[in-house]
Amino acid sequence: MPTELLLTEISIRLGFALLAGIILGLNRWLHHKSAGIRTHSLVSVGAALAILLMTSIVGGDAQAQSHVLQGIVSGIGFLGAGVILHNGTGESVKGLTTAASIWVVAVIGCCFGAGQLMIGASGLGAILLILLIGRPMEVAAAKLMGIVRSSELDHEDPK
């Protein structure tokens, strides 16, 4: 039997998914990456909509919801693959973090769409922390260990 969600519950879930997309997309945009606020927000809200739709159609059917989640998680990888650039020499691959953030924002959107607000918010906080302190930690570790990685250390402000 389908579950009827109130408009306020739907709005809250989509609002959280949108906020997650904006936050993670803003981080990528501030780092001058191709996938920014719009891309991340669309992915997050789209994933939330898919879960909300499935919930309203099949209710608590975990197997049907699982199939939708599996499709989102694997399908979004193709979008992420579009932001990964390889220079052809095997020395440099760019866009992996942005691709990963696109993938994870889809999962966060699924959390919010399913009404799992604490899981989604906790995931968003953890991912944002990683995006904010990840590079400084990598740079500090490389300096501490005497590793010179010019591709990472020399472009603190990428163009």
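Table for the structure above
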{"read-out": "Computed lengthening from K94 to I147, 0.36 nm per intervening residue step minus Cα-Cα distance", "value": "17.1 nm"}
{"read-out": "Gain upon complete extension [A126, L79; 0.36 nm per residue less C-alpha separation]", "value": "14.7 nm"}
{"read-out": "Under the span-like rule (Cα at least 27 Å along the axis, Kyte-Doolittle mean at least 0.5), DSSP H helices of the chain", "value": "7-30, 37-58, 62-81, 117-145"}
{"read-out": "Theoretical ellipticity at 222 nm over the chain - DSSP helices of four or more residues, -39500 (n - 2.57) apiece, nearest 500", "value": "-25000 deg cm²/dmol"}
{"read-out": "Cα convex hull of the chain - mean projected area over all directions, nm²", "value": "10.4 nm²"}
{"read-out": "Within the chain, longest stretch free of exposed GluC sites (Glu not before Pro) [DSSP loop, at most 14 other beta carbons within 10 Å]", "value": "5-90"}
{"read-out": "Cα→Cβ-extended label distance, 7 Å offset, between H67 and I133, nm", "value": "4.3 nm"}
{"read-out": "Residues with amide H under 5 Å from that of G59, placed H, sequence gap 5 or more", "value": "T3"}
{"read-out": "The stretch 111-142-the stretch 1-54 distance, computed between alpha-carbon centres (Å)", "value": "16 Å"}
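Computed from the coordinates by the stated procedures, all read-outs in this text should not be read as laboratory data. Keep in mind the model is a prediction, meaning the values are calculated, not measured. FYI the Cβ positions are ideal-geometry reconstructions off the backbone, even for glycines, and counts take in every protein chain you see.
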